[in-house]
Structures are given as structure tokens and as C-alpha cells.
Amino acid sequence: MEHLRIPGPTPCPNEILQAMTKQMINHRGPEFGQIVNGVTARLKQLFQTKNDVFLLTGSGTGGLEAAIVNTLSPGDKALSISIGVFGERFATIAEQFGAEVIPLKFEWGKAADIDSIRRALETEPEIRAVLVTHNETSTGVTNDLARVSATVKEFDKLLLVDAISSLGSINLPVDDWHCDVVVTGSQKGWMVPPGLAMVSVSEAAWQAHAVAKMPRFYWDFTKAKSYLEKGQTPWTPAMSTVFALSASLEIMLEEGLANVIARHAQVAKAARDSVKSLGLPLFADECYASNTVTAIAASNRLDVKKMLKILREEHQIVLGGGQQRLDGKIFRIGHMGWVTEDDIEVVISALKVVLPQAGFRS
Ligand SMILES: *Cc1c(COP(=O)(O)O)cnc(C)c1O
């Protein structure tokens, strides 16, 4: 079997894959209604929220678009806190739908600086919403969302959070941290194939929604809410992925959210410690290093592309490369969802062999 260690899609336990082989049923019938209601209730536990939670059929990016179009109007000012590729994507979506985006960019590999966020909010009193990535998958950095949120809420702004690669793996108490719309995706820490975005919507987000004028149809939260009251989704959902999610949530709640979070922290620490012991530098500021993906800087003449090719062809290990301007400059080990320290050990053992073959001189 291939060792898929990219930051999504992630490997799925057999029980979850088996759940997907369930025969189709009526997506407007009572059996599917029960499944949708059960999944929604369990998701609320793992989001640590009493807010509404919706299942949207699409990838995580669809969920980000839903967050924007449901809460903003063209011309609204949105502060975009960006620390990498996915922060840029969130901002681009807002811009495409006519928001006036105020960019607040930080060096890739670093977390967002709280004082800079405060200054930006002081400078532009008309900002309506703040966009932030909780865990920046492209750089392996986790923002201090609790502090970001505390600052944003000092100014009483709406907080829209890309938690696609953190929720369900890294602690994110949605209600305690006053996050208004939070987006995640099935193929990341949830151990489920791609197909679903899951989003939570706060009371303040509903108030914004009531006056938001951006064009929307498929992603409309009002439709999602009215159908959920009947145990349904407005449009035919990725039903097999919902079956899989139902199975995965049972597994996750059995392990317990606190244990899931602790396991990710432990696995990530093992990954960072082992990588450093090989003589490779971490790309991310270690104070903010992610517990779901470890980004490693190419150094000492390491040819990243050659290394990834040998790992894939000779060791059946698939790691992530760098995205956009990080292409060839970093590589990434995904460790979210179904992962243990043993899985990291497999990667590290192979790296010991492959690094010198790919030019690395320690
Ligand atoms: C994976 C990811 C996305 C994109 O999700 P898709 O499901 O590929 O659309 C966005 N943001 C972050 C932080 C991600 O990790």
C-alpha cells in the first residue's frame, strides 16, 4: 500500500471506505434524514459549537466561497490576514465577488502578528469582516486564532475562518473563540474522501447574512437552514461522502476530541524532532509549527523534486511539494487524520536513505 502523507486527501480507514459502499437511498427520505441529523449533531460536538452547522457538497474552497457570499455585499471592506497560498485564495474569492479587500500579508513561514492586525483595524474603521486561515497548509504554520479572534472582537468585526486543515485535528473551540463562519473539508483531518465542506454559522453571521447582497444560489445558507429543518440539504449531496463522514465521526468521538488533538500534537512533535535530527531545517517558525503538516526547507543541496520522485517510486511514500513560489524550495509531510507516530517513522527511515541520493549533504 502507498503511504499517502500529503496534507489532504488523507488516507481513510477501511471502516470508513466500507461505509461508502452503502447502496443509494432517497436523499429526501427518513433514513437519510436521520443520517444527516446525526452527522450534524456530532459535527457540532467536534466544532465545539451550538451554532448552525451545514454540510455543503463541494471541496473546501466551495465552503470558503460560501462564507464570503453569505455574509458580505459588493463594496464591503474585508481585512484579509494572509500567511500563505490559502490566505491568498480566501482574499481572491472575496475580491472576485466585489469586496474591497484590504490585504495584511505576513512573511511565508511566519504567523500573523497581532499588533499589526490591531493597527489595521484601527486604521480602517469601516472593515466589516476579517478573513483568516487558522492553519496555513502551504507553509505549515498555525495562527494563534484565539488571540486573532480576541483582537477582531475588540473591534466587533465578523470573523471568517478557513479551518479546512485544522478543525477536527487541532483545537478550535468555535464558540469560545467567537468565530462567525468556520469552514473545513472532508478530505483533511476527517479521514473521509473529498466531497463535502462543513461550515458553522454564528448568530452574528446570520445578522450579516440578512443584509448581504453578494450573488449566491448553490451556497445560500438560508436554503441550507430551511432544508436542514427537514433533515435534508437543498441539493443532492455527495451521499457516499456523507455515509463516510457518519462513520468517521463515530470513530473520532469514540477516541474523544481531546485525545485526537493530543495525538496530532504528539505525531507532529515526532515529525519535527526527527526532521531536525536528519539535519533539515523546518520552514515554519517553530513556535507556530502546525500539528497537521510539517513544512521542511530544502537545504544543503537537496533536490526536492528528485527526492519526492525517489520516495514515490522506490518507497511508495508520497509527500507534498511546495506550492507556487515555494515549489522546489520546501516539502511537506501531511499528518492529519488517520496517523500515528509509526507512520512518521516510516517516512523518516526512507528519508535517511533517499536524502543523500537526492544531493543532500549533512
Ligand atoms: C486544502 C485546503 C484548502 C482547499 O481545499 P479544497 O478542498 O482543495 O478546495 C483551503 N485552505 C486550506 C487551509 C487547505 O488546507
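The values are calculated or read from the model by the stated rules, or taken from the named source; none is laboratory data. Since we're looking at a predicted model, the values are computed, not measured. Here the Cβ is made from the backbone with ideal geometry for all residues, glycine too, and neighbour counts use every protein chain on show.
Miscellaneous remarks
- The strands (runs of 3 or more DSSP E) falling completely within the stretch 119-235 that include 2 or more residues that are within 16 Å of the ligand (Cβ to nearest atom) and over 23 Å from Glu100 (Cα atoms) map to 181-185, 196-201.
- Checked across the stretch 325-339, the condition of being among the basic types (Lys, Arg), touching a Ser or Thr at 6+ places or on another chain (Cβ under 9 Å) and more than 16 Å from the ligand (Cβ to nearest atom) holds for no residue.
- Scan of the stretch 60-97 for residues that are within 16 Å of Ser166 (Cβ to Cβ) and touching a Gly at 6+ places or on another chain (Cβ under 6 Å), ordered by number: Gly60
- Scanning the stretch 96-118 for residues that are within 16 Å of the ligand (Cβ to nearest atom) and assigned to a helix (DSSP H, G or I) yields a single hit, Gln96.
- Selected residue (criterion: nearest to Pro11 (Cα to Cα)) from residues of the stretch 232-259 that are β-branched (Val, Ile, Thr) and surrounded by fewer than 20 Cβ atoms within 10 Å (Cβ to Cβ): Ile251
- Evaluation of Gln45 against (1) over 17 Å from Ala163 (Cβ atoms); (2) more than 16 Å from the ligand (Cβ to nearest atom); (3) surrounded by fewer than 19 Cβ atoms within 10 Å (Cβ to Cβ) (one fails), failing number: (1)
- With respect to the stated conditions, Pro74 fails to be within 16 Å of the ligand (Cβ to nearest atom) and either over 30 Å from Asn291 (Cβ atoms) or in a loop (DSSP other than H, G, I, E, B) (or both).
- For the condition buried (at least 22 other Cβ atoms within 10 Å of the Cβ), not assigned by TED's automatic domain parsing to the domain that holds Ser186 and not in a loop (DSSP other than H, G, I, E, B), Ala268 qualifies.
- Within the stretch 111-141, being surrounded by fewer than 24 Cβ atoms within 10 Å (Cβ to Cβ) and of a type in the set (Val, Ile, Thr) holds for Ile114, Ile117, Thr123, Ile127.
- Qualifying positions in the stretch 311-336 - within 16 Å of Arg5 (Cβ to Cβ) and either touching a Cys at 6+ places or on another chain (Cβ under 8 Å) or assigned to a helix (DSSP H, G or I) (or both): Leu311, Arg312, Glu313, Glu314, His315
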